[in-house]
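Here's the structure we're looking at; comments come further down.
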Amino acid sequence: MPSYQRDGNRARRAESTAPGLLRSTLPASGGGGQAEGRKTRRAACVMSSLWATEMDAINLGRGHPNPRLLPLDAIRVAFDEAVQRPNAAVAMMQYGRMQGNQDVCEEICRWITRNAIRSRNVTPANILVTTGSGPGLSLVCQLFSEPGDIILVDSPAYFLAFYAFADSKLQVVEFSTDKDGLDVDAIETYLRTPGAQPPALVYTVPVANNPTGVTMSEERKRRLVELAREFKFKIISDEVYLLLTFPGDRERPSSLAEYDEPQDPVVFALHSFSKLLGPGLRLGWIEADARYVQRMITGGVINSGGGMNPFTSEIVLSMMKSGELDSQIAKVRRMYRENCDVLINSIESELVPALGVGETIRYFHPQGGFFLFIWLPSRFDADSLVRQATSNFGVSCFSGTHFSGDSTRYSHCIRLCFAYLNADTISEGVKRLGRAIRAYEAS
C-alpha cells in the first residue's frame with residue numbers, strides 16, 4: 001500500500017503544468033451532507049435518463065444490450081446440461097469456492113488462449129470469478145488503495161465508476177482522451193512534475209471506450225504499464241468491450257495485461273459476460289497476478305459469502321465448452337457494427353444539417369462497444385436539450401454532464417448508444433433528435 005502523505009498543494013502544482021490534465025471537483029470523502037445530497041440527486045437524474053419512457057420516447061441513451069440478442073434459448077439448453085452433471089446440486093446451489101468455480105477458471109483460460117486474447121498463457125491462479133466488472137472495480141479500489149489516495153482516470157469517463165471511487169474516498173484526477181485513447185503523455189508529464197503526488201491507481205476503459213468508443217493504441221498501453229512499474233501505481237483496466245470490437249476493422253486489440261510482467265505486476269483486467277450474454281447473469285472475472293487474486297479472496301466480501309455466483313458459473317461453463325458463447329459473440333459484433341453504421345449515417349444526415357451556420361459537431365468513429373460521444377457547439381446545454389427532446393420530440397439521450405467529476409466539463413455533450421435499439425429505431429430517434437436541435441432554446 002502507498003505510504004506517502006497527502007499534499008493538496010503539491011497535487012495542484014502538478015496539475016498546472018500537465019497538458020491534457022483536467023482537474024476534477026469530485027470530493028474524496030463525499031464532501032459531507034451537501035455533497036452527498038448532490039450525489040444522490042445526480043444519481044437519480046442518471047437513472048431517470050436510463051429509464052426514460054415519457055411519450056413513448058425513443059431512448060438513445062440506454063446503455064443496455066439489445067433485447068433481441070439475449071440468448072435465452074441457449075441459456076435454457078446450457079442450464080439443462082449443467083443440472084445433469086454429477087454433483088450438480090452442490091456445484092450450483094452450495095457456497096462456492098472462494099476464487100470461483102475451478103472448472104470455470106480453467107475454461108476461461110482455455111477460452112482466452114483459443115480466441116487469441118492473450119499471446120501468453122493465463123493460468124487459473126490468475127483468475128477471480130466476480131459478479132461483473134462493477135463489483136470487480138469496487139473490490140480492487142477497496143483493497144488496493146487507502147482513503148485520500150489519488151486515482152487517475154480517462155476523461156470523459158465511465159460515469160458509474162465515480163461512485164466506486166467516492167465509496168473508497170479516492171481523489172479523482174482526470175486526463176483527456178483522443179482518437180488513440182487516454183493521453184499517456186499527459187500522465188507522464190504529471191508524474192514527472194517536481195512535487196507531484198503519485199497516484200495509487202489509474203482507471204481506464206482502453207478498448208471501445210465508454211463513452212467515446214475509441215481504443216487505446218498499443219504503444220500507449222505499453223507505455224502506461226511501464227509508467228506504472230516506474231512510479232509504483234496499479235492499473236485497473238476495464239475491458240468489458242474487449243471482445244466486442246467490430247469485425248473487419250483491424251486486428252483485435254490486446255488487453256493491457258498483455259504488457260504486464262510477472263516479476264512486477266501492475267494490471268487488474270476486469271471482464272464481464274454482461275455485454276456478451278446478458279447482465280442478468282451477473283458473472284465476470286478479474287485477471288491479475290496470483291498474489292493479488294489471493295489478497296482479494298481473503299477480503300471480507302468473499303470470505304463471508306464464498307465464491308461469487310456458482311449457479312450462473314455452471315451455465316456459462318456449458319456455453320463456453322459447446323462453442324455457443326463464441327457464436328453469440330460473433331452475432332453480437334455483427335449487429336452492433338451494423339447499428340453503429342446506421343447511427344453515424346443518421347448523425348451526418350440529420351444532426352449536422354440541424355446546426356447553425358458555421359457550426360460543427362465532433363465525435364470519434366467507434367471501434368466497437370456500445371457508445372458514441374458527441375461534442376455539440378458550446379451554445380448547447382445538454383441537460384436542457386435532453387429535457388426538450390424528451391418532452392417535445394419523443395427522444396431521449398444521455399447528457400455529457402455525467403461523464404466527469406466536474407459536471408460543467410461536458411455540459412454541451414451527449415452520449416448515444418447504438419446497442420440497445422434496432423437499426424430502424426435508431427434512425428428514427430436521430431431524426432427526432434435533429435428536430436430537437438433545430439428547435440433548441442437555451443434555458
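The values are calculated or read from the model by the stated rules, or taken from the named source; none is laboratory data. Nothing here was measured: the structure is a model prediction, and the numbers come from that model. When we count neighbours, we look across all protein chains shown, and the Cβ atoms used for this are built from the backbone with ideal geometry, even at glycine. The area values use the complete protein model at the heavy-atom level, side chains included, leaving out ligands, DNA and RNA. Shrake-Rupley method; radii C 1.70, N 1.55, O 1.52, S 1.80 Å.
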**OP:** Give the range 270-288 a look and list any residue that's in contact with a Phe, Trp or Tyr (Cβ under 9 Å, 6 or more places away or on another chain) and surrounded by 20 or more Cβ atoms within 10 Å (Cβ to Cβ), or say none.
**Re:** Leu270, His271, Ser272, Phe273, Lys275, Leu281, Leu283, Gly284, Trp285, Ile286, Glu287, Ala288
Original post:
What number of residues within the range 309-335 are over 16 Å from Cys109 (Cα atoms) and either outside the structural domain of Trp285 (by the TED database) or assigned to a helix (DSSP H, G or I) (or both)?
Top reply: 14
Subject >> Residue under evaluation Leu170, criteria (1) more than 11 Å from the chain's Cα centre (by Cα); (2) hydrophobic (A, V, I, L, M, F, W, C); (3) more than 19 Å from Leu143 (Cβ to Cβ); (4) crowded, with 24+ Cβ neighbours inside 10 Å, criterion not met >> reply: (3)
Original post:
Between residues in the range 356-374 that are farther than 17 Å from Gly400 by Cα and residues that are at pLDDT below 95 and part of a loop (DSSP other than H, G, I, E, B), which pairs lie under 7 Å by C-beta distance while being six or more apart or on different chains?
Top reply: Gln367/Phe246; Gln367/Asp249; Gly368/Phe246
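Residue-by-condition table, conditions (1) of a type in the set (S, T, N, Q); (2) at pLDDT below 95; (3) crowded, with 24+ Cβ neighbours inside 10 Å; (4) within 14 Å of Gly299 (Cβ to Cβ):
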{"position": "Arg110", "(1), (2), (3), (4)": "no, yes, no, no"}
{"position": "Ser119", "(1), (2), (3), (4)": "yes, yes, no, no"}
{"position": "Pro124", "(1), (2), (3), (4)": "no, no, no, no"}
{"position": "Ser138", "(1), (2), (3), (4)": "yes, no, no, yes"}
{"position": "Gly148", "(1), (2), (3), (4)": "no, no, no, no"}
{"position": "Val153", "(1), (2), (3), (4)": "no, no, yes, no"}
**OP:** Answer with yes or no whether Glu348 is acidic (Asp, Glu), in a helix (DSSP H, G or I) and in the same structural domain as Arg415 (by the TED database).
**Re:** yes
Original post:
Which ones in the range 242-264 are part of a loop (DSSP other than H, G, I, E, B), open to solvent by 10 Å² or more (accessible area, probe 1.4 Å) and not charged (D, E, K, R)?
Top reply: Pro247, Gly248, Pro253, Ser254, Pro262, Gln263
Original post:
In the set Thr189, Thr215, which member is of a type in the set (Val, Ile, Thr) and open to solvent by 10 Å² or more (accessible area, probe 1.4 Å)?
Top reply: Thr189
**OP:** From Val202, Val214, Val207, grab the single residue that is modelled with pLDDT of 95 or more, more than 24 Å from Tyr292 (Cβ to Cβ) and assigned by the TED database to the domain that holds Asp154.
**Re:** Val214
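If the requirement is being among the charged types (D, E, K, R), surrounded by fewer than 18 Cβ atoms within 10 Å (Cβ to Cβ) and either touching a Gly at 6+ places or on another chain (Cβ under 8 Å) or farther than 28 Å from Val205 by Cβ (or both), which of these qualifies: Asp424, Asp341?
Criteria check complete, one pass: Asp424.
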Subject >> Conditions (1) in contact (Cβ under 8 Å) with a residue 40 or more places away in the chain; (2) crowded, with 19+ Cβ neighbours inside 10 Å; number of the one not met by Thr312 >> reply: (1)
**OP:** State yes or no: is Phe393 open to solvent by less than 10 Å² (accessible area, probe 1.4 Å) and assigned by the TED database to the domain that holds His365?
**Re:** no
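crowded, with 19+ Cβ neighbours inside 10 Å, in a loop (DSSP other than H, G, I, E, B), touching a residue at least 24 places away in the same chain (Cβ under 8 Å) and within 13 Å of the chain's Cα centre (by Cα): which single residue out of Ala157, Ala196, Ala164 fits that description?
Ala157
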Subject >> Matching residues in the range 344-355 - criterion: being open to solvent by less than 30 Å² (accessible area, probe 1.4 Å) and in contact (Cβ under 8 Å) with a residue 40 or more places away in the chain >> reply: Ser346, Ile347, Leu351, Ala354, Leu355
Original post:
Does Ala186 fit the bill of being out of contact with any Asp or Glu (no Cβ under 6 Å at 6 or more places or on another chain), modelled with pLDDT of 95 or more, of a type in the set (Gly, Ala, Ser) and assigned by the TED database to the domain that holds Arg223?
Top reply: yes
